[in-house]
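The values are calculated or read from the model by the stated rules, or taken from the named source; none is laboratory data. Keep in mind that what you see is a predicted model, and the values were worked out from it rather than measured. Here the Cβ positions follow ideal geometry from the backbone for every residue, glycine too, while neighbour counts run over all protein chains shown. For the accessible areas, the whole protein counts, side chains as well, though only heavy atoms, and no ligand, DNA or RNA atoms are used. Shrake-Rupley method; radii C 1.70, N 1.55, O 1.52, S 1.80 Å.
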Amino acid sequence: MTVTGHGHGHEQGHGHRQDRGHKQDHGHGHGHGHGDIDWAVMAPVLEQNAEVTAPVYREVAAWLRDVRTVHGGGAAERGDDPALIVDAGSGPGVVSCLLAEAFPASRVIAADPEEALLARAAARATRLGLADRVGTHRAELPGGLGELAPADLIWAARSVHHVGDQVAALTALAERLAPGGVLAVLEGGLAPRSLPRDFGVGRPGLQARLDAANEEWFARMRADLPGAKETTEHWPALLTAAGLRHVATRSFLLDLPAPLDDAARAHVVATFERYREFAAAPDSTAGLAPDDLAALDRLLDPQDEESLHRRADLYLLTAHTVHVATAR
Ligand SMILES: C[S@@+](CC[C@H](N)C(=O)[O-])C[C@H]1O[C@@H](n2cnc3c(N)ncnc32)[C@H](O)[C@@H]1O
């Protein structure tokens, strides 16, 4: 398996199918064509990432409550919880469950094309005692949400960029909003930083070069999507074009200073492992210089005193941007 790392401050890495070009023949039930990412393999990484980012999601949820009070209609203005929340492209449902906790009167549907991820979402909801309010629905944007009741809040985090036609995806989401409903799209932000510019191994500035490599991967990932269309990613304008009223954009900082706890450290290690595997892929265009690859190897070697596993200076600083629009 080939995997890769962050992108645009919004990717936390992707299991990358090795059988590139043969995915329709692959017997893992993923041949429905949304790139060559093996989401089932990615599940633990997505979970770990979302769990480490939980403080941000709680802050976002509190902000969404305020946005609904100011800009939503009817029940929202009275401060009531949204009756139905849809988490579109929910992955393993970590955020679906956080939303259910933040809005204790809401019903939440975790919607995703991947059965394996939905199964994890359902198991998590059961584990957390939320199964009566958190359900799952198999759906692949831009279609797929049509059978659901209109939603009062739709949350789409890092999922729209996995759809070939992002405009069609946003339009489909907009169409599923109840009157006065709110669509919140998490896309973009800032790429994560975890090391000082000069961390004593190799050439300073490694993370900026990893970002550049990841941008290459991201562009290819998008170009390979079925029906891929180039879109200027001006999210407020795209939301307006989807027939909504853009009301706010805000970025949320995840600021975990050194020393990191075990979970955050494991997350950073996993991220760098994906950078390394991506750079080593036979079809990689990462273009990392040999000294950067050598530095990555040292960072990933648990026996090395300078490795990510052992360093005292490891931190996690990143930002996530949320664009919010309401049904007119
Ligand atoms: C980067 S993950 C984000 C998961 C989750 N929203 C989070 O922030 O943790 C992208 C998710 O989008 C889903 N996805 C991919 N293509 C999709 C599509 N066409 N429609 C809806 N979801 C899609 C994937 O299965 C995956 O769960």
Please tell me if ALA88 is more than 13 Å from the ligand (Cβ to nearest atom), within 14 Å of VAL182 (Cα to Cα) and open to solvent by less than 20 Å² (accessible area, probe 1.4 Å).
no
Of the conditions (1) open to solvent by 20 Å² or more (accessible area, probe 1.4 Å); (2) more than 9 Å from the ligand (Cβ to nearest atom); (3) of a type in the set (Gly, Ala, Ser), ALA100 satisfies every one except a single condition; which number is it?
(1)
Please go through region 290-326 and pick out each residue that is part of a loop (DSSP other than H, G, I, E, B) and without any contact (Cβ under 8 Å) to a residue 60 or more places away in the chain.
ASP301, PRO302, GLN303, ASP304, GLU305, SER307, HIS309, ARG310, ALA312
Looking at region 291-327, which of its residues are closer than 30 Å to VAL247 by Cα and out of contact with any Gly (no Cβ under 7 Å at 6 or more places or on another chain)?
LEU316, LEU317, VAL322, HIS323, VAL324, ALA325
Go through (1) at pLDDT 95 or above; (2) open to solvent by 20 Å² or more (accessible area, probe 1.4 Å); (3) part of a helix (DSSP H, G or I) and name the single condition GLU215 misses.
(1)
Out of the residues in region 103-138 that are within 15 Å of the ligand (Cβ to nearest atom) and among the β-branched types (Val, Ile, Thr), which is surrounded by the most Cβ atoms within 10 Å (Cβ to Cβ)?
VAL108
Which of the following residues is within 23 Å of VAL247 (Cβ to Cβ), in contact with a His (Cβ under 9 Å, 6 or more places away or on another chain) and either modelled with pLDDT of 95 or more or crowded, with 22+ Cβ neighbours inside 10 Å (or both): ALA157, ALA151?
ALA157
Answer residue from region 160-176, given it is closer than 19 Å to PRO82 by Cβ and open to solvent by 20 Å² or more (accessible area, probe 1.4 Å) and is nearest to the ligand (Cβ to nearest atom) among those
ARG176
Does THR271 qualify as being within 20 Å of ALA54 (Cα to Cα) and out of contact with any Asp or Glu (no Cβ under 8 Å at 6 or more places or on another chain)?
yes
Log entry, pairs with first residue in region 96-122 being of a type in the set (Gly, Ala, Ser), second being more than 13 Å from the ligand (Cβ to nearest atom) and in a helix (DSSP H, G or I), beta carbons closer than 6 Å, six or more apart or on different chains, reads ALA102/ALA61
Counting just the residues of region 187-212 that are open to solvent by less than 50 Å² (accessible area, probe 1.4 Å) and among the hydrophobic types (A, V, I, L, M, F, W, C), which one comes out nearest to LEU308 (Cα to Cα)?
LEU195
Residues being without any contact (Cβ under 8 Å) to a residue 60 or more places away in the chain and within 10 Å of the ligand (Cβ to nearest atom) - total across region 145-159:
1
Scan (1) touching a strand residue (DSSP E or B) at 6+ places or on another chain (Cβ under 6 Å); (2) within 28 Å of ALA61 (Cα to Cα); (3) charged (D, E, K, R) for the single condition GLU277 breaks and write down its number.
(2)
Which of the residues that make up region 185-202 are of a type in the set (Asp, Glu) and within 15 Å of the ligand (Cβ to nearest atom)?
GLU187
Could you check region 285-320 and list, in sequence order, the residues that are open to solvent by 10 Å² or more (accessible area, probe 1.4 Å) and either touching a Ser or Thr at 6+ places or on another chain (Cβ under 8 Å) or among the aliphatic types (A, V, I, L, M) (or both)?
ALA286, LEU288, ALA289, LEU293, ALA294, ARG298, LEU300, ASP301, ALA312, TYR315, LEU317
Condition check for ARG220: out of contact with any helix residue (DSSP H, G or I) (no Cβ under 9 Å at 6 or more places or on another chain), of a type outside the set (A, V, I, L, M) and modelled with pLDDT under 95:
yes
For the list (1) open to solvent by less than 60 Å² (accessible area, probe 1.4 Å); (2) within 15 Å of the ligand (Cβ to nearest atom); (3) out of contact with any His (no Cβ under 6 Å at 6 or more places or on another chain); (4) not small (Gly, Ala, Ser), I need the number of the one condition that VAL182 fails.
(2)
